[in-house]
Structures are given as structure tokens and as C-alpha cells.
1. For Glu105, state whether it is away from ligand 2 (no atom under 16 Å from the Cβ) and under 30 Å from Asn361 (Cβ atoms).
2. Only one residue in Pro156, Pro120, Pro131 is within 16 Å of ligand 1 (Cβ to nearest atom) and modelled with pLDDT of 95 or more. Which one?
3. Return the total of residues in the stretch 121-149 being under 30 Å from His478 (Cα atoms) and touching a Pro at 6+ places or on another chain (Cβ under 6 Å).
4. When the residues of the stretch 137-152 are filtered to those that are open to solvent by 10 Å² or more (accessible area, probe 1.4 Å) and among the β-branched types (Val, Ile, Thr), which remaining residue is farthest from ligand 2 (Cβ to nearest atom)?
5. Within the stretch 71-85, is even one residue farther than 19 Å from Leu159 by Cα, without any contact (Cβ under 8 Å) to a residue 60 or more places away in the chain and surrounded by 17 or more Cβ atoms within 10 Å (Cβ to Cβ)?
6. Anything in the stretch 441-465 that is open to solvent by 20 Å² or more (accessible area, probe 1.4 Å) and over 14 Å from Glu115 (Cα atoms)? List them, or say none.
7. Given the condition in the same structural domain as Val262 (by TED's automatic domain parsing) and part of a strand (DSSP E or B), answer yes or no: does some residue in the stretch 413-426 qualify?
8. So Asp429 fits all but one of (1) in the same structural domain as Val139 (by TED's automatic domain parsing); (2) among the acidic types (Asp, Glu); (3) within 16 Å of ligand 1 (Cβ to nearest atom); what number is the exception?
Amino acid sequence: MNELKQLHNQFINGQWRDGSSDRKMENRNPFDNELLATYHAASKEDLDQAYETAKEAQKSWEKTNPIVQREVFEKAHQYIENNHEKIVEVIIDEIGGTRLKAEFEIGLVINMIKEASTFPFRMNGQILPSPTDGKENRVYRVPLGVVGIISPFNFPFFLSMKSVAPALGAGNGVVLKPHEDTPITGGTMIAKIFEEAGLPKGLLNVVTTEIAEIGDNFVEHPIPRSISFTGSTKVGRHIGKVAGENLKEVHLELGGNSALVVLDDADIDLAVSAAVFSRFTHQGQICMSANRLIVHEKVYDEFVEKFVEKVSRLTTGDPKNSNTIIGPLINERQVQNTVQLIEEGIKEGAKPIIRGNVNGNIVEPVVFDEVKRDMKLAKAELFAPVVSIMKVSNDQEILEIANDTSYGLSGAIHTQDIERGAELAKEMDTGMIHINDGTINDEPNVAFGGMKNSGVSRLNGDWSLDAFTTTKWISVQHTRKQFPYS
Ligand SMILES: NC(=O)c1ccc[n+]([C@@H]2O[C@H](COP(=O)([O-])OP(=O)(O)OC[C@H]3O[C@@H](n4cnc5c(N)ncnc54)[C@H](O)[C@@H]3O)[C@@H](O)[C@H]2O)c1
Ligand SMILES: O=C[C@H](O)CS(=O)(=O)O
């Protein structure tokens with residue numbers, strides 16, 4: 001029996017209990033629509049209790065010995081190792097992730113926990129010189145207090161943990177709200193892991209609810225000093241506005257429309273493999289997915305032929321089957337959005353050279369050839385196994401097309417001339433870009449985040465430490481100070 005699949009209660013003040021709202025939530029398997037559970041949503045009162053208890057618990061956590069704090073992360077890591085197979089099952093059943101995706105996500109989570117386990121020993125301050133005689137300036141790094149975290153549906157285990165673990169490691173209390181379609185993977189499973197790891201009661205709370213129930217309360221609530229949001233640009237814009245009005249720090253990790261560029265001197269087989277992985281992993285539901293493949297005309301035909309051949313061999317279907325590469329999209333709404341986008345693309349004149357079927361929530365790969373930069377397919381974030389290939393003739397055109405998007409998250413450039421690639425990369429308006437690799441990269445110690453409408457934040461490593469702490473200047477006047485009057 002997999003007890004992780006039963007985690008449908010709220011986790012507030014160290015207690016597992018049903019939400020106190022009358023509103024019923026359903027959790028369904030996106031592949032076969034099986035009803036996994038129904039439960040009551042968290043109400044505004046539940047949320048308030050979650051924030052209050054996080055605030056209370058944080059006071060002593062901040063003062064806890066860093067060795068003791070670090071041990072919690074070591075035990076959390078151990079719990080994940082010990083329950084690896086059960087976690088894989090949850091990712092498959094709740095979010096339709098394939099085994100490959102589940103293993104990838106668990107690996108990211110473990111690396112993030114290891115990184116966060118170093119935070120208690122990285123709360124360093126500074127002693128700074130003073131222009132005032134006899135004064136000593138001490139700048140302490142201190143936790144923010146309580147952090148509110150909102151996560152998306154696509155990599156919920158990792159993307160929740162990416163803020164939860166560093167926020168806790170930096171001495172904060174946390175309230176986490178996962179996406180309504182992924183309450184376990186993005187929420188209660190993380191609570192269970194830290195409960196088993198011995199995290200003090202009340203420090204981490206998970207509320208599973210709908211926005212229709214709590215409105216802007218999660219962000220407006222007076223207790224959290226910072227909101228860490230990962231999700232769509234549309235919702236992120238709203239969160240930023242509400243957080244700003246309430247004078248809270250906000251970290252926004254948002255959508256993308258990444259380009260993978262293939263130059264005329266690229267290793268085409270490598271570029272094809274990178275493009276397939278960058279587009280089709282987790283059905284294309286990754287913020288860094290390669291939406292656009294921008295290919296030099298000299299190698300265009302060879303690239304397209306090899307790409308189409310590889311895509312045609314991708315297996316689709318039940319994510320439980322270990323051979324499946326493409327499982328279901330998260331819900332019917334996402335399927336409908338995708339179908340609409342495909343139809344609009346065709347109306348605009350884009351030619352599908354592969355057009356798979358739609359079966360339930362499974363969308364088989366769709367490949368559009370010779371997409372033009374003003375088509376919606378080139379502008380929108382395609383959060384699905386749909387890709388646009390675009391033909392270009394020189395580096396200048398590559399830059400114009402690659403940058404012709406409101407997003408700026410990730411990207412990739414394939415070339416045998418590393419410095420040509422690096423020079424082009426400098427001109428791309430993206431927060432992250434990779435040479436001779438895919439667009440999907442996330443390393444626990446390296447700055448992660450986007451430019452333009454892809455976000456206003458950097459996370460991981462030192463950047464997460466900065467995101468979840470603030471500074472406090474304490475000065476000591478060692479000599480008797482002379483004031484100008486009195
Ligand atoms: N940059 C990144 O690191 C990153 C990572 C993953 C996903 N994403 C982006 O996220 C999107 C897909 O995820 P999604 O569909 O879950 O995004 P979403 O914006 O629809 O939802 C994200 C979260 O916001 C919550 N939410 C929705 N409306 C809200 C409101 N008014 N107030 C407070 N919370 C609200 C949702 O319940 C969910 O928990 C894509 O655009 C993808 O690119 C970005
Ligand atoms: O969707 C974007 C994510 O950041 C995915 S990943 O978990 O970092 O690969």
C-alpha cells in the first residue's frame with residue numbers, strides 16, 4: 001500500500017485534517033480520469049491558522065543550532081531515497097508524468113535538498129568599516145520570517161521544493177499552496193517528508209484549496225513577508241500587483257517561449273536529440289521547453305528530416321508503461337487550449353508535417369514546418385507536444401527572431417564554434433542559454449530565472465539564500481559620540 005497516495009488532508013500546525021470550507025475538491029488521474037479522492041478545500045480561516053502557526057514556529061527555528069537544522073534536510077533526503085518507488089507512483093498517477101519524468105524530478109528534488117542543507121551554515125554576516133570614529137558596523141543575514149509559496153502543476157514536487165527547502169534552510173516558516181490539480185505531489189507529500197524528517201511542528205504548512213475560495217488572501221495576508229510564485233505570466237502579473245500593493249517582496253518564475261537555434265556548422269544529430277528532449281519531455285509542459293526550433297537554411301532539410309524521423313518514433317500513452325515517452329496533459333482544459341492553438345496555426349498558414357491524434361488527454365506530437373515569426377504559434381507559450389520549426393539565413397536574422405517574443409527564459413545554440421555560440425548567446429534576451437545542449441537545465445547552485453515576461457527573480461544557490469533572507473544593520477558606537485546639539 002502506498003500511503004503517500006492518501007495524503008488528501010490539509011497539513012496545518014503539524015496536524016492532518018480536512019479543510020474547513022464546504023467546497024469539495026477532486027483529485028483525478030489525468031490519464032484515465034480516475035477519481036483519486038475528494039476532500040474539502042482549505043478556507044480563509046485555515047489559511048490564517050497556517051500563517052499564524054508558521055510565524056509562531058519560526059521564532060525558535062531561527063535560533064535552532066545549524067547542525068540540528070541540517071539534520072532535518074539529511075533525514076528528508078533519506079526519506080525520499082527510502083520511498084523512491086512510492087514517490088514515482090504518485091507522480092505517475094497524479095500528474096501523468098512518465099517514469100523518466102518522475103526519476104528526473106526526484107533527482108532535481110534531492111539536489112535541491114542537499115543545497116538547502118548547507119544554508120544553515122551560510123547565514124554569514126559582515127563587519128563593515130565606518131566613516132564615524134569609534135563605530136562598528138555589523139550586518140547580519142536574517143530570515144524574512146514567513147514565506148508564502150505558490151507552485152504550478154508541471155513539476156510540482158521539484159518546483160515546490162525549490163522554494164520550500166531553501167526558505168526553511170534560511171530559517172523561515174513556510175505556507176505552501178500547490179496547484180489544485182497536484183495537491184499531493186506539490187504539497188502534502190512535501191509536508192509528509194519534512195514531518196518524517198523531524199521538522200518542528202507548525203514550521204511548514206500546506207493548504208490545498210482553490211483561488212475562488214481564498215481570493216487574494218494568500219498574498220495579501222499580513223504575515224508572509226515574501227511570496228515565491230512559480231506559474232504562468234498572467235497569474236504572476238496579478239500576484240506581483242497584489243504583493244506590491246501590500247509591500248511584500250515577490251519572486252516570480254513565469255512562462256517561456258524558448259528557442260533552440262541550430263547554426264550552419266552544428267552537429268545535426270546532437271541538435272536533433274537536444275531538440276526532441278527539449279520539446280517533448282513531460283509532453284512539453286516545462287517552462288524551459290523549446291517551443292521554437294530556429295534552423296539555418298544550409299542545414300534545414302537535414303535537420304527537419306532527422307527530427308521528424310525521431311519524433312515519429314516517440315511512444316505515447318499510459319505513463320505507467322515504462323516505454324512511454326509522452327503521457328497525458330494535466331487536464332482537458334489544457335488539451336482544448338492546445339487543439340485551439342493547432343487549429344489557429346493551420347488557419348494562419350503553418351503546415352503540420354506531423355499531426356498526431358488527440359485521445360482523451362493524450363496529445364500526440366505535432367510538428368509545424370516553416371513557421372513565420374508573426375504567427376501565433378511563434379508568439380505563444382506552447383505548453384504541449386507541439387513545435388514550430390523556423391528557417392533562417394544568417395546570425396542577424398536568428399537574433400531578431402529569437403528575441404521576437406515577450407518571454408525570455410531559456411534557450412540553446414548548436415554550433416561547433418563555441419565562441420560564435422557564446423557571442424550570439426550574449427545577444428539573446430534570456431535569463432539562461434546553453435551551448436550544444438537542450439533548453440531544459442536547472443542546477444541547484446546556479447542562478448535560475450528569466451528576463452522580460454518570464455519573471456523577476458533568480459533562485460538556486462546564493463540567489464535563493466538572498467531571496468529568502470534579508471539583512472539587519474546593527475551598529476555599535478564604542479566611543480562616546482558628540483552630537484551637534486543637545
Ligand atoms: N519559470 C519557471 O520556473 C516556471 C516553472 C514551471 C512552470 N512555469 C510556468 O507556469 C505555467 C504553467 O503552470 P500553471 O498552469 O500551474 O500556472 P498557473 O499560473 O495557472 O498556476 C500556478 C499557481 O498559481 C495559482 N493561482 C492561480 N490563480 C491565482 C491567483 N489569482 N492568486 C494566487 N494564486 C493563483 C494556481 O492555483 C497554482 O498553484 C507555464 O506558463 C509555465 O511556463 C514557470
Ligand atoms: O517548468 C519549468 C521547470 O523549472 C522545470 S524543471 O523542473 O526545472 O526542469
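The values are calculated or read from the model by the stated rules, or taken from the named source; none is laboratory data. Note that the structure is a prediction, hence the values are computed from the model and not measured. Every residue, glycine as well, gets a Cβ built from its backbone with ideal geometry; the counts of neighbours run over all protein chains shown. For the accessible areas, the whole protein counts, side chains as well, though only heavy atoms, and no ligand, DNA or RNA atoms are used. Shrake-Rupley method; radii C 1.70, N 1.55, O 1.52, S 1.80 Å.
1. Judged against the criteria, Glu105 is not a match.
2. Working: Pro120 fails: within 16 Å of ligand 1 (Cβ to nearest atom); Pro131 fails: within 16 Å of ligand 1 (Cβ to nearest atom).
Going through Pro156, Pro120, Pro131 in turn, the sole match is Pro156.
3. Within the stretch 121-149, the subset under 30 Å from His478 (Cα atoms) is 121-144.
From the residues that got through so far, the ones that are touching a Pro at 6+ places or on another chain (Cβ under 6 Å) too are 121.
Qualifying residue count, the stretch 121-149: 1.
4. Here the answer is Val139.
5. Looking for residues that are farther than 19 Å from Leu159 by Cα, without any contact (Cβ under 8 Å) to a residue 60 or more places away in the chain and surrounded by 17 or more Cβ atoms within 10 Å (Cβ to Cβ), one finds none in the stretch 71-85, hence no.
6. Keep residues of the stretch 441-465 that are open to solvent by 20 Å² or more (accessible area, probe 1.4 Å), which gives 441-447, 451-453, 456, 458, 462-463.
Selection gives Asn441, Met451, Lys452, Asn453, Val456, Arg458.
7. yes
8. The one condition Asp429 does not meet is (1).
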